[in-house]
Amino acid sequence: MATEGENEQVKLLGVTLSPFVVRVRIALALKGIDYEFIQETMQPKSELLLKSNPVHKKIPVLIHNGKPVCESTVIVQYIEEAWGSKAPNLMPKDPYDRAVARFWAAFVDDKIFPSMRGVFLGQGEQLQKAVEESVTNFLLIEEALRTNQCFAGKAYFGGDQIGLVDIALGGLSAFIKGLEKATDSVLIDPEKMPLLSAWMDRFCKSDGVREVMPDFTKQAEFISTRRASMISPPTAK
């Protein structure tokens with residue numbers, strides 16, 4: 001476990017609109033950890049990124065006392081372990097509750113985000129199919145909020161405080177809202193998903209979250225620009 005002290009060097013390599021970078025920034029903010037945020041250009045990728053994450057060559061990368069930690073969910077769990085004495089606790093103490101949290105965090109990465117990526121890339125029938133798949137996945141989250149003994153009746157997936165699942169799903173909030181606006185689609189319907197919708201509003205307004213959450217309008221503009229560039233006809237040579 002990393003030691004906690006004033007001489008620690010913490011750097012985060014990423015870009016502000018990345019939902020995965022947002023996850024890490026939320027965890028750091030909740031724990032009250034000071035860090036240097038290094039904007040990654042991505043075009044081309046910096047030498048620091050390539051050196052710090054030679055396998056995937058992706059952001060985010062947390063560099064703690066010169067040692068890089070990669071992959072957002074892994075980083076969030078590392079933050080909890082490295083600064084375990086700092087409140088709040090991002091992981092449940094009970095082994096079963098901890099396993100449930102890891103399951104749903106993995107569900108976000110394995111099911112939720114891929115279906116949303118399909119919305120981002122889709123056009124016409126492919127877009128509609130991806131929207132339907134995303135809605136189906138979000139309905140499963142709604143059901144978990146209503147019936148799962150670890151989540152039901154609580155303010156957050158982590159209970160009274162934000163935890164791993166909140167960060168995993170909530171870090172995507174700006175991307176979700178931006179994607180809805182950019183594609184004129186509804187992914188989280190307040191009428192069909194009242195618990196999930198209320199949770200997202202509550203999460204985005206929370207201390208430590210609202211300060212680092214990207215602006216929804218800017219996120220939508222970025223998504224619209226990227227989608228337009230993907231479907232633009234090739235220029236004549």
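The values are calculated or read from the model by the stated rules, or taken from the named source; none is laboratory data. Remember, it's a predicted structure, so these values are computed and weren't measured experimentally. Because the Cβ atoms are built from the backbone with ideal geometry, glycine has one as well, and the counts that use them run over all protein chains shown. Quick note on the areas: whole protein, heavy atoms, side chains included, nothing else; ligands and nucleic acids left out. Shrake-Rupley method; radii C 1.70, N 1.55, O 1.52, S 1.80 Å.
Summary table below
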item	result
Criterion (over 14 Å from the mean Cα position of the chain (by Cα), part of a loop (DSSP other than H, G, I, E, B) and in contact (Cβ under 8 Å) with a residue 12 or more places away in the chain) met by exactly one of LYS218, LYS181, LYS154, LYS192	LYS192
Residues of the range 71-88 that turn out to be under 19 Å from the mean Cα position of the chain (by Cα), open to solvent by 60 Å² or more (accessible area, probe 1.4 Å) and over 30 Å from LEU50 (Cβ atoms), as a count	0
Helices (runs of 4 or more DSSP H) wholly inside the range 1-91 that include at least 3 residues being under 20 Å from PHE203 (Cα atoms)	19-31, 72-82
Any hit, the range 40-62, residues being touching a residue at least 60 places away in the same chain (Cβ under 8 Å) and either open to solvent by less than 20 Å² (accessible area, probe 1.4 Å) or among the charged types (D, E, K, R) (or both)	no
